Amino acid sequence: MTTEADGLFELDEPDQAPPVEQAGAGATAPLAVRMRPRTLDEVVGQGHLLRPGAPLRRLVEGGAAASVLLYGPPGTGKTTIARLLAGVGSRHFVALSALSSGVKELRAVIDDARRRRDRLGQQTVLFIDEVHRFSKTQQDALLGAVEDRLVLLVAATTENPSFSVVSPLLSRSLVLQLRSLTDDDVRSLLRRAVADPRGLDGAVSLAPDAEDALVRLAGGDARRALTALEAAADGVLGTAPADSEPVIDVAAVERAVTEATVRYDRQGDQHYDVISAFIKSIRGSDPDAALHYLARMLVAGEDPRFIARRLMVHASEDIGLADPTALQAAVAAAQVVQLVGMPECRLALAQATIHLATAPKSNAVITGIDEAMADVRAGAAGAVPPHLRDGHYAGAQKLGNAVGYRYPHDDPGGVLAQQYPPDGLVGRDYYRPTTHGAERALAERLPKLRRVVRGERSG
């Protein structure tokens, strides 16, 4: 075999198939890496995708060239499936993470894929982890290469691609949903890892109650189960007497696992249920419950930008002018998320959450804009009154534009009688302030303003 270096990647001759196992998957590699399935038959779970004739089995066994979007909870085999697809024929495998890669890296991979195809007749499998974190521009940069099959895209996401992947890329890919592993699936993985020479090779035994504890902690996540098993095994092997058989018991599991597993599926019901409970707790003025749900999302790895966006929306939707500083607090938290990131940005998110939860509430902003939009959609969009039209161009006055406009600052009170809405909407009230917080003053002042503006001033 000969190798040609192009300064970025090594171009292997096509008679050298890319390895299916991850580089470095030797004895020092993490247990979850060493136990990564090498064939479809070793994959546990996902029976709906692996049964005879199922799409995934046809792709791997038949060598079909179709781009794939794999979505599902963490630890369900997305990376494994990508590597199995790469192992078909003489494909070249390239992995990128959307967390650390951008358009520049994508273009470099695409250029290299073109050279491999032209020089070696070799197809490139591009695996992108967490593709939902790519911007629209980054996702669009993939379209041409995917459509021309210059690269075989295998993209993994924990979020529903219908909401997180651009439509053109979605339509060019086969979407396969992976499901959380069942308890029996996780149990099977644990037993295999204990006995398999690639794993613990029988160096320890696993007590039934410890196995149950690991299954519970896994929450359907194979990687989490194997990581916890490895940590427990290391603890037992390091302390067991030389003349006794090392046994992983519940105490060993508890010592190894320092943080309780949070059951939180970012693409499924849990994602929507927890964020819904978070917002409703803020709306209900319960900062303690709101902090609980915020903590659940952060510990589970939710994108803090998503949380920040929801706080900004909530600040206007449920607080509005009852506390004009609420939106400022939410925007400031979003800026901290962008500039600082986790884990420190959790403090700004918590501060904004407490601010919003304890602020006086008003839905007058969302009610007002929704009613105004409903009227417009219903056809209540009359002509702009002539005196309000633009008068800054030649001939405007001949059309009557801006003629008769009264400048409010010429009035000592800064407010004067003048028609602002179209004829059909005169007297229509959209904004109705509450008596909560800072809106109390607006609730007292606004009726006076309306009477003056509408010419209803009375002695």
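Values quoted throughout were computed directly from the atomic coordinates according to the rules given, and no laboratory measurement underlies them. The shown structure was predicted, so the numbers you read here are calculated from the model rather than taken from an experiment. Note that we place each Cβ from the backbone using ideal geometry, even for glycine, and neighbour counts take in every protein chain shown.
Per-structure values
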read-out: Sorted peptide list for 99-105, 293-299, 336-342, 423-429, criterion being average Cβ within 10 angstrom, highest first; value: 293-299, 336-342, 99-105, 423-429
read-out: Cα-based shape type of region 183-256, given that a ≥ b ≥ c are square roots of the gyration tensor eigenvalues and the cut on a/c is 1.5; value: prolate
read-out: Spacing of the two label points (7 Å from each Cα toward its C-beta) at ALA108 and ALA417, in nm; value: 7.2 nm
read-out: Listed peptides 216-222, 448-454, 306-312, 145-151 by packing density, highest first (mean Cβ within 10 Å); value: 216-222, 306-312, 145-151, 448-454
read-out: P(r) of region 348-400 over all Cα-Cα pairs, binned every 5 Å from zero, in whole percent; value: 4, 14, 11, 10, 11, 11, 10, 8, 8, 6, 5, 1
read-out: Computed E for ARG451/VAL331 - FRET, C-beta separation, R0 25 angstrom, nearest 0.05; value: 0.15
read-out: Scattering profile of region 374-453 at q = 0.15 Å⁻¹ [log10 I(q)/I(0), Debye over alpha-carbon scatterers]; value: -0.74
read-out: Partner lysines for LYS448 [C-alpha distance under 20 Å; skip if fewer than 8 residues away on the same chain]; value: none
read-out: Sequence-distant residues sharing a close amide H with LEU96 (under 5 Å, placed H); value: PHE127, ILE128, ASP129
read-out: Segments 406-414, 283-291 sorted - mean Cβ within 10 Å per residue, highest first; value: 283-291, 406-414
read-out: Reciprocal of mean inverse Cα separation for region 79-165 (Kirkwood radius, Å); value: 13.1 Å
read-out: Inter-probe distance in nm under a simple model that places probes 7 Å from Cα toward Cβ, at ARG51 and HIS292; value: 4.0 nm
read-out: Point-charge dipole on Cβ atoms (K/R +1, D/E -1) for the chain, about Cα centre, debye to 20; value: 1860 debye
read-out: Long-range Cα-Cα pairs in region 52-211 (distance over 21 Å), rounded percent; value: 51 percent
read-out: Where Rh is the Kirkwood radius over Cα pairs, Rg/Rh for region 242-398; value: 1.27
read-out: With Cα atoms, 0 to 90° folded angle of helix 364-377 axis to the chain main axis; value: 80 degrees
read-out: Proximal lysines relative to LYS280, as straight alpha-carbon distance under 19 Å, when same-chain residues fewer than 8 apart are discounted; value: LYS361
read-out: Cα-based reach from LYS398 at 15 Å (exclusive), listing aspartates and glutamates while leaving out same-chain residues under 8 positions away; value: ASP390
read-out: For the chain, calculated [θ]222 nm from helices alone, where every DSSP H run of n ≥ 4 adds -39500 (n - 2.57); value: -13500 deg cm²/dmol
read-out: Whole-Å semi-axes of the ellipsoid equivalent to region 321-430 (Cα gyration tensor, √5λ, descending); value: 41, 18, 16
read-out: Principal axis dimensions, largest first and in whole angstrom, of region 269-358 by Cα; value: 33, 29, 19
read-out: Bridge type composition, the chain - antiparallel percent by DSSP, nearest 5; value: 10 percent
